[in-house]
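What follows is calculated from the coordinates using simple rules that are stated; it is not laboratory data. All values reported here derive from a predicted model rather than from experimental measurement. Positions of Cβ are backbone-derived with ideal geometry, glycine not excepted, and every protein chain shown enters the neighbour counts.
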Amino acid sequence: CGFSGPVLDVLRCRPGWQQARNEEEWDFLWCDVSWLRENFDHVYLEEHVRICHFRNHYELSRKNYLVKNLKRFRKQLEREAGKLEAARCDFFPKTFELPLEYHLFVEEFRKKPGTTWIMKPVGRSQGKGIFLFRKLKDIFDWKMVSMTVCSVWEITGEGDSSQKDETQIETYVVQRYIENPYLIGGRKFDLRVYILVTSYSPLKAWLYRDGFARFSSMRFTLNSIDDHYVHLTNVAVQKTAPDYDPEKGCKWMIQQLRQYLTARHGTGLVEVLFADMDNIFIKSLQSVQKVIISDKRCFELYGYDILIDRDLKPWLLEVNASPSLAASSQEDYELKCHLLEDTLHVVDMEGRLTGKEKRVGGFDLIWNDGPVSRGGNLGALVNGNFVANTHLGCFNDRKKQLKELFGNLPA
Ligand SMILES: Nc1ncnc2c1ncn2[C@@H]1O[C@H](COP(=O)(O)OP(=O)(O)O)[C@@H](O)[C@H]1O
Ligand SMILES: [Mg+2]
C-alpha cells in the first residue's frame, strides 16, 4: 500500500491480510498512478493479483482525454442509434483542448461574447492552476508561453506524445463555465460520487450509495470571477478559506442533499435528476469501454465530480482515478473506510462471492454488460417493469446487508 490514512487502516484491519514489506511478494496493491506508469509494464504479475488502477486509466481521468472520448462516443451513437440517443451524451459543458484546438475555441468564443469560461490544466487536481475569464486577452499570456514551447517541441520532435503533456507543455482544457449552479444558502456545491469498475470487457460497474456535496464557503456571485472561494468547490481550496470551520467542514452527505431536494421539488423531479446522473456514469464508462485495456488484475474506484444547475440538470465536470481518500472529519473518515471495505468485498480476493450479487454492502451493481434491474435475481423485473438498480443517496444499511451476504462477519 502506497498510502497512509483510511486506505492503510482498512487494509491492515482486514482479517487474514498481512502487509508485505518492501521486497516481499504481494497479492493486492493499492498504489498511486505513478507506480503504475513506472512499473506495470516491467513486472510480472500473476493472474490472481489485484491492482487498483487500469493501465491507461487516464483515458477517462485526464480532462482532455475524457472530452475526446465523449465526443467520439457521441458521434458513434448518432451514427448507430440516432440523434436522440446521441443527445443523451450532452452532459458535459462545451470544452476544447488548448493549445491544440485554440482556433476552434476562438470561433466558439466569438459566437457568445461575455460568456464565462474556465481554464483547467489537464494534469493537475484540487483546483490547482484553474482560472476563469471572459476576455480573450486574459488568456493571451498563457497562450504566448504555451505556443512558444509547443513550437519548440514540434521543431525538435523530442519525446513521444504521451510524454508531451507532462514534460513539454502544459495542456489545458477550456470549458464553458456553468453560470447558473444550483445554490443552497446562496452557495455553490458539486457532488462527489463513487463508481467501482471491476471489468471493462464486459463492462461491470457498481455505484456507491454514499457520497457528498462539497460547498463553497462564500456566497455565489458572477461579479468576482477571480475568487476561488466562490467558484471552486474543491475541499483543498475551501479549507484554506478565512472563515472555514474544520468542525463543520464544507460537506453534506448525499442523503441529506437528496432529502433537501425532494422536500423542495418533489420525488418525481429528483428521481429524474438521479436517473440523469446514472446516465452520466454509464455513458462516460461506455465512451472508454473499447479504449481502456481491460485486465482481469485491475479494478478502479472512480470519483465523479458532478455539478447540478438551477434547472436540476447534472453536468459532468471530471472523473478522478485517484479520488481523495484522506478524511476531513470523523464522518468523512467513516465514509471512506466503509467505501474501501466495500470495495475490497466486491473485489473479493477471498473468493466468497458467487458472481450473481447485485448488491455488496454500499455498492449496487448498475451495469453488468447491460443495465441491471432492481429486485431479487439478476435480470429480474419489478412488476414486469424495468427499474434500474441504483440507490445513490438512499439509506445505506450496509452492515445489515453484509451480514446477510457473508453470515456473521468477523469483528
Ligand atoms: N465548467 C464548470 N462550471 C462551473 N464550475 C466548474 C466547472 N469546472 C470546474 N468547476 C469548479 O471547479 C472545481 C474544480 O474543477 P475540476 O474540473 O474538478 O478540476 P480539479 O481536478 O482541479 O478538481 C469543481 O469542483 C467546480 O467547483
Ligand atoms: Mg475535481
Built amide H within the under 5 Å cut-off of residue 315, gap 5+: 307, 308, 309
Of 254, 345, 186, whose Cα points farthest to the positive end of the dipole of the chain (charges on the beta-carbon: +1 Lys, Arg; -1 Asp, Glu; origin at the Cα centre)? 186
At R0 = 41 Å, FRET efficiency that the Cβ-Cβ distance of residue 18 and residue 271 yields, to 0.05: 0.35
3J(HN,Hα) from dihedral phi, the range 344-358, Karplus parametrisation 6.51/-1.76/1.60, rounded to Hz, x for glycine, proline: 5, 4, 6, 4, 6, 4, 6, x, 9, 8, 8, x, 9, 5, 9
The pairs in 94/296; 128/248; 71/111; 248/336; 135/188 lying past 26 Å Cα-Cα in this model are 94/296
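Given R₀ = 35 Å, FRET efficiency for residue 403-residue 245 by Cβ-Cβ distance, to 0.05?
Numbers: r = 37 Å, r/R0 = 1.05.
After rounding to 0.05, the efficiency reads 0.45.
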Taking N as the number of residues in the chain, what is its alpha-carbon radius of gyration divided by 2.2 N^0.38 Å? 1.01
Nothing charged except the Cβ atoms of Lys and Arg (+1) and of Asp and Glu (-1): what's the magnitude of the dipole of the range 68-148 about its Cα centre? Round to the nearest 20 debye. 100
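For the range 231-287, which trypsin sites (Lys or Arg not before Pro) pass both filters: DSSP loop (anything but H, G, I, E, B) and at most 13 other C-beta atoms within 10 Å?
Details: sites: 239, 248, 251, 258, 264, 283; in loops: 239, 248.
Sparse-neighbourhood loop trypsin sites (Lys or Arg not before Pro): 248.
With +1 assigned to the C-beta of every Lys and Arg and -1 to the C-beta of every Asp and Glu, and no other charges, what is the dipole magnitude of the chain about the Cα centre in debye, to the nearest 20?
On the way: 57 positive and 56 negative charges, 284 e Å.
Computed about the Cα centre, the dipole is about 1360 debye.
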Determine the calculated [θ] at 222 nm for the chain from helices alone, applying -39500 (n - 2.57) to every DSSP H run no shorter than 4 residues and normalising by the residue count; nearest 500 deg cm²/dmol. -10000 deg cm²/dmol
Report, in whole Å, the centroid distance computed from the Cα atoms of the range 26-60 and the range 177-245. 29
What are the aspartates and glutamates whose alpha-carbon lies under 12 Å from the alpha-carbon of residue 75, with same-chain residues fewer than 8 places away excluded? 85, 90
Projected area of the range 37-77, taken from the Cα convex hull and averaged over every viewing direction, in nm²? 4.2
Karplus 3J(HN,Hα) series, Hz, for the range 64-77 with 6.51 cos²θ - 1.76 cosθ + 1.60 (x for Gly, Pro): 6, 5, 4, 5, 4, 5, 5, 5, 5, 5, 4, 4, 4, 5
Step through the residues of the range 105-114 one at a time and calculate ³J(HN,Hα) from phi using the Karplus curve (6.51 cos²θ - 1.76 cosθ + 1.60, θ = phi - 60°), rounding each to whole Hz and writing x for Gly and Pro. 4, 4, 4, 5, 4, 6, 5, 10, x, x
